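S.K.: Submitted below is the structure of interest, expressed as structure tokens.
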Amino acid sequence: MIPYLEQRRDMASSYTMVYVPVGNRHKGFSKPTISVGYCTPKRCLVAIAVSMVIGTVIIQLLLSFRHYLRDIHLRTDKDGELVIISKKIASKHNAVCLDGSSVPGYYMKEGIDEGEQKWLIMIPHSDWCNSMEDCRSSITSPLKGTMKKAPVTLQFTDILSSDPAENAYFADWNMIRLVPCSGSSYLGNSSVSQNDDYNKELRLNGAAVLAATLEHIISTTDISKSKQVVLYGEGSGAISALAYTHYIKSTLFVPNFTTLLSSGLLFDTRKSHFNVDKFFQLHNIKGNTVLRNCDSLTCLNAEQLLRSPRTSPVVVYTVGVPLWPLTTMYGCQNETDCTAKGYREKYFKAVTGLHTQHLQIRKLITILSHCDWSLKTTVTKEDPRIVNRSIYEILVESLSGNVKTAIYIDNGDCKGKGS
């Protein structure tokens, strides 16, 4: 039998395991072995399963570490990061900045913890251009008429601050600072390009820029799942925020929506003031279909805007001396009107009239202080106080839904408790 087995081994030299009957061992035969690298189906499956488990563990560790680093970044970073709208969305709305070439954008900082489902959207103050020459002077200025050379990051301060010591209520929220780069605070609706005296093409389509910006935000974030959204307008941005409140709320499709307006409301829009009529005509604001029945300058009047039916609360606060509405409304030609006292009296007359007439405003909260004050949570004896509370505290109560329709106005000397 031994010769026979030896012959089988020679014929099947690829086999390394050879059967030898008991009692017939030959010193020429080696013990059964398994060649290195040989893998039976069962052994291969086990190896694959083990590799997959190890790979999954490694990936989970890397993801956990990534989330850890992201969390550290969000908690320590105080800047908003530049987001450029996709060219596809911009092209769909024919949205470009004043310079006619650059795609619009905005700055964003992500929220953390409970703030991940809360959003603060700011329309900042921006200059209005009321002539082609005036607009042309803005097209080379980043964040005014173009997004070219726009900084990659932008420091977020005051109400956009992520420092709890400065901004306890909003610090953890998602924050977006829009960039109205059309010379009209998004109000313009000129569908065709215009050329200035130097044959430079300018685009005055602020409404299209806003529409494209909102669509991009919706498509790239979870804002539609938010628990609370505050639209904040500052300076000229306050007019846009008030005018676009219903449009932005319905576009974002969020139930808990509040409009917060700061130091920029116009309560007088006579044509003689700051060439506002030229601004209205140049940017074709009359053709803005979002602004219902906006066929004259009166549609930019805050008093009329506040009279329009609305379904969400409005909180208005004015602090310090609001230079923009003063120069826009009066051109500083009337010394009485250009003083804080003059504006205070006009402001008080307008807002108290709205409050007492019980118009179709579900909630209007007005806070007025002409003292030198900045948005902060630290309270000192020197800070102006109204009804024995800081303005920030009243704002927080108002935005939290703990205050019904009300008006808070200081006594004018920055020393008393106010009313």
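Only the coordinates and a few stated rules stand behind these numbers; no lab work does. Here the structure is a predicted model, which is why all the values come from computation and not from measurement. Reconstructed Cβ throughout: ideal geometry from the backbone, glycine too, with neighbour counts over all protein chains shown.
S.K.: Which ³J(HN,Hα) values, rounded to whole Hz and listed in residue order, are derived for the range 290-301 from phi using the Karplus coefficients 6.51, -1.76 and 1.60 in 6.51 cos²θ - 1.76 cosθ + 1.60 with θ = phi - 60°, glycine and proline given as x?
M.R.: So the Karplus estimates, Gly and Pro as x, are 5, 7, 4, 6, 8, 10, 8, 4, 4, 6, 9, 6 Hz.
S.K.: How far apart, in nanometres, would the label points at Ile58 and Ser137 be if each is projected 7 angstrom from Cα along the Cα-to-Cβ direction?
M.R.: 6.2 nm
S.K.: Just to verify a number: FRET efficiency for Ile84 and Glu393, C-beta to C-beta distance, R0 = 41 Å, to 0.05? Walk me through the numbers before you get to the answer.
M.R.: Working: r = 38 Å, r/R0 = 0.92.
E between Ile84 and Glu393, to the nearest 0.05, is 0.60.
S.K.: Could I ask something else about it? Label Asn256 and Lys92 with points 7 Å out from Cα along Cα→Cβ: what is the distance between them in nm?
M.R.: Result: 2.8 nm between the two label points.
S.K.: Further, regarding this structure: Please sort 41-52, 148-159 by packing, taking for each peptide the average over its residues of neighbouring beta carbons within 10 angstrom, highest first.
M.R.: Output ranking for 41-52, 148-159: 148-159, 41-52.
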